[in-house]
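These notes are about the structure you will find just below.
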Amino acid sequence: MIQFLGTSQEWNEHFLNEPSQVGIFLQSFGWGEFQKSVGVNVFRFEEIHQKIQVFEYRLPLGQKYWYVPRVRMHQKVLYALHEEAKKHGVLFIRLEPTALVDASKFKTVAVNSRQPHQTSVIECNKSDEILLAGMHQKTRYNIRLAQKKGVTVELDYEGKEIGKFYSLLSETSERNEFKTFPRSYYEQQIKCNEAFLLHARVEGTIIASQLFWRFGDTLTYLHGASSNAHREVMAPYLI
């Protein structure tokens with residue numbers, strides 16, 4: 001495999017031409033730069049006209065592994081990636097390709113995916129009426145309830161309320177028993193041009209926030225948080 005030495009535009013154009021844009025932002029140049037900013041080693045390779053972004057993570061005792069998400073992988077590219085990993089002293093490669101590859105020549109272990117097994121794609125150029133009609137009846141009810149209760153939604157491109165977002169995220173993680181990244185992770189993310197926040201307010205107070213990432217014409221919902229208070233107004237549904 002050879003190291004990619006082209007421009008960010010050349011790199012992104014390759015992935016923007018993929019048939020599916022679901023989760024493809026994980027291979028975007030911007031996402032790689034964000035990962036670098038939080039201490040992850042990032043490699044960009046080319047092999048037989050295919051581009052692959054690889055994330056290197058540390059393990060105990062000086063070991064490391066490679067993570068390769070959301071990429072279509074030619075069989076020959078898989079073999080080349082394996083050889084490249086050996087050169088870098090990598091213990092194992094964790095793959096989440098968009099299509100199945102034959103890994104029978106390697107020792108493999110099935111593990112839980114980092115990325116969601118299922119996701120929904122909403123075409124935002126449709127009217128509100130059509131979008132609402134495609135939702136569950138309870139979802140439509142909750143959206144209209146939030147509007148009736150005076151909930152408003154605002155954009156935050158610069159991350160002015162990142163502190164409030166993280167405070168709400170801490171509440172949500174404690175309530176739903178899941179782990180979060182450190183605050184600096186989200187702060188670095190919002191510094192990227194591709195990321196922004198949406199906040200829901202009621203009576204002037206932010207009670208829900210969500211973080212999105214933009215790549216091409218696709219927005220991906222990454223992180224969501226909501227307050228323990230005012231849960232009855234269904235603010236996250238309106239976002």
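Table for the structure above
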quantity	calculated
Net lengthening on full extension, Lys87/Lys138 (0.36 nm per residue, minus Cα-Cα)	13.0 nm
Of the DSSP H helices in the chain, those whose Cα atoms cover at least 15 Å axially and whose Kyte score averages -1.0 or more	75-87, 162-176
Carbon + sulfur, % of accessible area of the stretch 108-226 - ligands and nucleic acids excluded, 1.4 Å	48
FRET efficiency for Lys76 and Asn176, using Cβ-Cβ distance with R0 set to 41 Å, rounded to 0.05	0.45
Links that overshoot a 24 Å alpha carbon limit, given the list Lys64/Lys191; Lys149/Lys179; Lys126/Lys164; Lys51/Lys179; Lys51/Lys76	Lys64/Lys191; Lys149/Lys179; Lys126/Lys164; Lys51/Lys179
For peptides 14-24, 47-57, sequence by mean Cβ density within 10 Å, most packed first	47-57, 14-24
Rg/Rh (Cα only; Kirkwood hydrodynamic radius) as it applies to the stretch 79-124	1.08
Computed magnitude of the charge dipole of the chain (debye, nearest 20; Cβ of K, R +1, Cβ of D, E -1)	640
Sequence ranges 101-113, 203-215, ranked by mean other-Cβ count within 10 angstrom, highest first	203-215, 101-113
Theoretical gain in end-to-end length, Phe106 to Asn17 [0.36 nm per residue, Cα-Cα removed]	29.0 nm
For the chain, calculated [θ]222 nm from helices alone, where every DSSP H run of n ≥ 4 adds -39500 (n - 2.57)	-9500 deg cm²/dmol
Counted charge near Ile24, where neighbours are those whose Cβ lies closer than 13 Å (Asp, Glu -1; Lys, Arg +1)	-1
For Cys124, net neighbour charge (Lys/Arg +1, Asp/Glu -1) across residues whose Cβ lies under 15 Å away	-2
Option label - semi-axes √(5λ) of the Cα gyration tensor in Å computed here, alternatives (i) 37, 20, 17; (ii) 34, 21, 17; (iii) 44, 21, 13	(i)
Neighbour net charge for Asn41 - beta-carbon separation under 11 angstrom, K R +1, D E -1	+2
Surface per residue (accessible, 1.4 Å probe) for the stretch 167-236, Å²	52
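The values are calculated or read from the model by the stated rules, or taken from the named source; none is laboratory data. Small disclaimer: the values here were computed from a predicted structure and weren't measured. We place every Cβ from the backbone using ideal geometry, glycine too, and count neighbours over all the protein chains shown. The protein model used for the area step is the full one, side chains on, heavy atoms only, and it has no ligands, DNA or RNA in it. Shrake-Rupley method; radii C 1.70, N 1.55, O 1.52, S 1.80 Å.
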